[in-house]
Amino acid sequence: MKYIIICEERGIFLGTYDKFGFFSKVEDFGCYKVPTFSSEEEAKKYANKFMNKEKKHDYLYPYFDTDEKYITCVDIIKAGYGKYTGEMISNLPNYVDTMH
């Protein structure tokens, strides 16, 4: 079982760079996969350490029945959290190889 971080206001947690957290509703950077955490406690600890401390945000830590290090926005939508994905669905790879 794996967990992800969701911010009610900013969407799905995508990762950090230089101690700044990035989220799907604010900037998706072409991402369609998100990192997972081994436990809810690990996800909470990470959020508390790296997220914006100046403003209180409400976080959710939903779990997914997987062992994968990353899950896709399709998994998130299927689990009922689609309203948090922003434009991530448009970043899915398109494997159409048929010429029209």
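The table that follows gives values for the structure above.
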item: Checklist (1) surrounded by fewer than 18 Cβ atoms within 10 Å (Cβ to Cβ); (2) in a strand (DSSP E or B); (3) in contact with a helix residue (DSSP H, G or I) (Cβ under 7 Å, 6 or more places away or on another chain) applied to Ile89, failing item; result: (2)
item: Residue count, region 1-51 (criterion: of a type in the set (A, V, I, L, M) and within 23 Å of Leu92 (Cβ to Cβ)); result: 7
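Read the figures in this text as sums done on the coordinates, not as results from a lab. Keep in mind it's a predicted model, so treat the numbers as computed, not measured. Positions of Cβ are backbone-derived with ideal geometry, glycine not excepted, and every protein chain shown enters the neighbour counts.
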